[in-house]
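A short write-up of the structure that comes next.
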């Protein structure tokens, strides 16, 4: 029986949502509430949360497992550097332009890597990101393989004092995270999102029920690119420099992100939040262990996949806790009875097709 | 000039044999279990370190130690599939990808913790520097030997899959695990045997690689990408195709390295991406 049918469950849900709203308000009031160090950590948190939202949308819903997310982060970083330091554009104008450039790079990338599917696509995106990194290391004016620092005058456009800049970067990263979560939520609530949720649960069935799988994947892939690019801009502002190995870091922008999503719960909006909190707590206590920290993270994620593939939020769902951020469309009871019957005759046909598609590649 | 280019081409073809060895195991796991082992390259590096540790402890040639370690490599592959990867079978592509991804991180950092970040290389003795002239080109004896090992491995695997009863079982399970289970094959066991064979191919690659090139704990991913590109270029599921793919990658690297060192890998990836646009089903396909 659903926990939500009890009064206690409903109160619990209301409390959880109120906490979520309160933490958003606290985040907006961050510059007055938190010290500079906390704001810096939170800036990083919001950047990683944005990346996790994007990876979760692709891997958890659209069935695009990418190991090449760092490519677009790096493109955003390098685009921002090029537009400000080399083309001398206004820094605040360069931020949206960097997002547009990341999207423009995503179009041809998608055209190439989408020729591959599933596991092949995953490694294909990795190759694409490697190519972007190697090309970035060859661009004139960007400091080659070792990278270069962002000129001071550009940094000063975000505030004349160090503390002022910390605040501006904090608010920028908060805005990015809110935009990322908000627009992902709108996307999932839309007609496309309905198709995405169907794809998450059963791709073949979604396709046979009329979801345009390819178009949906294309939309999702292009949707993530500007956010990844903007995350790259923030990373550059935090580190005050670009370098191929750091701006295109697979560890920082993809491996950590995968841990966050897997631990929190893939295929849900709540998962990346939970995962990001867990990740930052683990990092706080374990980062001193160096390589052991990564070994522990790897072990945890393997255990999560083997024990509960839907992560911490998957366990919560099993207890009957409904979505804190509602993405479902509720239908009336009458149509809910009719739907399974309408689909019953399609089941054998689907099973038959599956046996054909399983032919050997040997 | 002509001589330089000819030499580059020949070196490229010969190192293609090494890439074909990397790709062979990946191709088998893709064809039978239908997953990409993200940790494939890291397992090759792990094999090289184990080889190094055992060879230096015993003071024996790495080739002898490599041969002795083959049964152990089979056992590791078998157990890995039986007790870890098998748990993800039938749950789609994501769980197995993420598990091997986690393994990759664990192996890389485990090696870093145990052996440190230094670059290593094993000494293979006199064969390493021996070479002979053939017309305009110089051919190293060791690269030639690795190329022959690659041909023998592909031929051996081809024979195993298509001429033996174990191979018939593997192909049956690859075709349809549920039907194979129905006629009395235990697909879990057959998968584990296939992964054991992948383990053997990884040990052979590790042995060939560790004497030929430098290695450190972080180079696994680049080996995985080379293996993956060779598999896709050669055509999915084609064993001899991995040799073609490996050669294309080797030649692209060698020609690229003429521009400058960093073009070596860029040329490799670009050739792969261009081929993917024009020949998505592999270079040998009709379109």
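Counting only residues that are within 11 Å of chain B (Cβ to nearest Cβ) and outside any helix (DSSP H, G or I), which one in segment A:128-164 is farthest from residue A:258 (Cα to Cα)? Checked segment A:128-164; the qualifying residue farthest from residue A:258 (Cα to Cα) is A:138. Taking residues in segment B:123-144 that are under 20 Å from residue B:60 (Cβ atoms), and partners anywhere that are not in a helix (DSSP H, G or I), the pairs with Cβ atoms closer than 7 Å and at least 6 places apart or on different chains are B:125/B:61; B:142/B:124.
One residue is enough: does segment B:72-85 have a residue meeting the conditions more than 19 Å from the chain's Cα centre (by Cα) and assigned to a loop (DSSP other than H, G, I, E, B)? Checked segment B:72-85: at least one residue is more than 19 Å from the chain's Cα centre (by Cα) and assigned to a loop (DSSP other than H, G, I, E, B).
Residue-by-condition table, conditions (1) over 25 Å from residue B:221 (Cα atoms); (2) surrounded by fewer than 16 Cβ atoms within 10 Å (Cβ to Cβ):
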residue: B:63; (1), (2): no, no
residue: B:72; (1), (2): no, yes
residue: B:96; (1), (2): no, no
residue: B:109; (1), (2): no, no
residue: B:117; (1), (2): no, yes
residue: B:134; (1), (2): yes, yes
residue: B:138; (1), (2): yes, yes
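Among the residues of segment A:102-127, which ones are in a helix (DSSP H, G or I) and within 7 Å of another protein chain (Cβ to nearest Cβ)? If the condition is that a residue be in a helix (DSSP H, G or I) and within 7 Å of another protein chain (Cβ to nearest Cβ), then A:112, A:118, A:119, A:120, A:122, A:123, A:126, A:127 are the ones that fit.
Of the residues in segment B:217-224, not one is part of a helix (DSSP H, G or I), without any contact (Cβ under 8 Å) to a residue 24 or more places away in the chain and surrounded by fewer than 24 Cβ atoms within 10 Å (Cβ to Cβ).
I'd like to check something: does segment B:237-253 contain any residue that is within 13 Å of another protein chain (Cβ to nearest Cβ) and within 10 Å of the chain's Cα centre (by Cα)? Yes, that holds for at least one residue.
Just to check your reading of the model, which residue among A:134, A:150, A:188 is surrounded by 15 or more Cβ atoms within 10 Å (Cβ to Cβ) and touching a strand residue (DSSP E or B) at 6+ places or on another chain (Cβ under 8 Å)? Going through A:134, A:150, A:188 in turn, the sole match is A:150. Note on segment A:309-324: residues that are over 13 Å from residue A:267 (Cα atoms) and either more than 22 Å from the chain's Cα centre (by Cα) or within 11 Å of chain B (Cβ to nearest Cβ) (or both) amount to 4.
The residue list A:274, A:266, A:258 contains one member that is under 16 Å from the mean Cα position of the chain (by Cα), modelled with pLDDT of 90 or more and not in a helix (DSSP H, G or I), which is A:266. Taking segment A:277-304 as the range and being within 13 Å of another protein chain (Cβ to nearest Cβ), assigned to a helix (DSSP H, G or I) and surrounded by fewer than 20 Cβ atoms within 10 Å (Cβ to Cβ) as the test, the residues that pass are A:286, A:289, A:291, A:292, A:293, A:296, A:299, A:300, A:303.
Considering every residue within segment B:167-181, establish whether at least one is at positive phi and either surrounded by 14 or more Cβ atoms within 10 Å (Cβ to Cβ) or free of Cβ contacts under 8 Å to residues at least 24 places away in the same chain (or both). Looking through segment B:167-181, none of the residues is at positive phi and either surrounded by 14 or more Cβ atoms within 10 Å (Cβ to Cβ) or free of Cβ contacts under 8 Å to residues at least 24 places away in the same chain (or both).
The values are calculated or read from the model by the stated rules, or taken from the named source; none is laboratory data. Quick caveat: nothing in here was measured; it's all calculated off a predicted structure. Cβ atoms come from the backbone with ideal geometry, glycine included; neighbour counts cover every protein chain shown.
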